[in-house]
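Take a look at the structure set out below.
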Amino acid sequence: MKHKFLKNLLCSVAVFSSFTILGHSIEVKAASAEQPVETNQVKEPDITYVPAGRLAKDGYVFVLSPKAIVYPECPNSSKYDVQPYNKDWVEKMAEKKTKFKITEFGLGKVEIMGHLVDQSGKQQGWISLVNGNFYHVDAKKKALKKLIKAETKAMDQKSDGKKVSLKQAEAEAKKLHGHNRKIALKSIKELKAWLNYDGDYPYTYLPALTIDK
């Protein structure tokens, strides 16, 4: 995803993690005044796991990009040695257009990772929400491109603190017919839910079509 919302969110994650580490250091110093504390007891925060919510209910609708970076387990700030799957595996999944669903998210020090699993349950991995790693199968439909662009614009407006307008997105939806219109209306409903969400995990409410946009 390239729009401003996720970039700003990742910055927030980095700042939050920095304060978490700082707070932990203060606790250690306070304890050391009374008794020695081993240096190896100080650890950076682990991954926070969050259910994928609505995105999980969408089912097997996500496909890997050929240049995706996928990890067998969720890498975090205290585990730098996790190596991604080799390029051949990724390219094979992308070429076959193997469909995955998102089951949960992992929130680390400076990254948000999504866990993907295929219908067989045999192929799975962790993947970043940024850098064009994966996409919704319907997002490649030519008829939906203008709709997705309008939805992304609305999300950027919120990220910039501007007044959000859905007029353009709704107008694009009205131009569509049949199954494409049904997809568009569902996506706008998801967008409204995301705009109205005021909790700690907004990425669990992301409109599925806007992932990787």
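Counting other Cβ atoms within 10 Å, keep those with at most 16, restrict to DSSP loop, and tell me which GluC sites (Glu not before Pro) in region 61-165 are left.
73
Once you've got the Cα coordinates, tell me which of 158/182; 142/186; 57/175 are over 19 Å apart.
158/182; 57/175
Sorted by accessible area with a 1.4 angstrom probe, largest first, how do 101, 162 fall?
Order by accessible area, largest first: 162, 101.
Would you mind pulling out the separation of the Cα centroids of region 178-213 and region 96-111, in Å?
So the separation of the two Cα centres works out to 17 Å.
So for each of 166-172, 181-187 I average, over its residues, the number of other beta carbons within 10 Å; can you give me the resulting order with the highest mean first?
Top to bottom by mean Cβ count within 10 Å: 181-187, 166-172.
Check each of the chymotrypsin sites (Phe, Trp or Tyr not before Pro) in region 56-106 and keep only those in coil by DSSP with at most 10 other C-beta atoms within 10 angstrom; list them in order.
Answer in residue order: 80.
Mean projection of the alpha-carbon convex hull of region 63-195 over all orientations, in nm²?
So the mean shadow area of the Cα hull is 9.5 nm².
Which value, in Å², gives the accessible area per residue of region 64-213 when a 1.4 Å probe is used on the protein heavy atoms?
It amounts to 55 Å² per residue over region 64-213.
The values are calculated or read from the model by the stated rules, or taken from the named source; none is laboratory data. Quick caveat: nothing in here was measured; it's all calculated off a predicted structure. Cβ atoms come from the backbone with ideal geometry, glycine included; neighbour counts cover every protein chain shown. Protein only, heavy atoms only, side chains kept; ligands, DNA and RNA dropped before computing areas. Shrake-Rupley method; radii C 1.70, N 1.55, O 1.52, S 1.80 Å.
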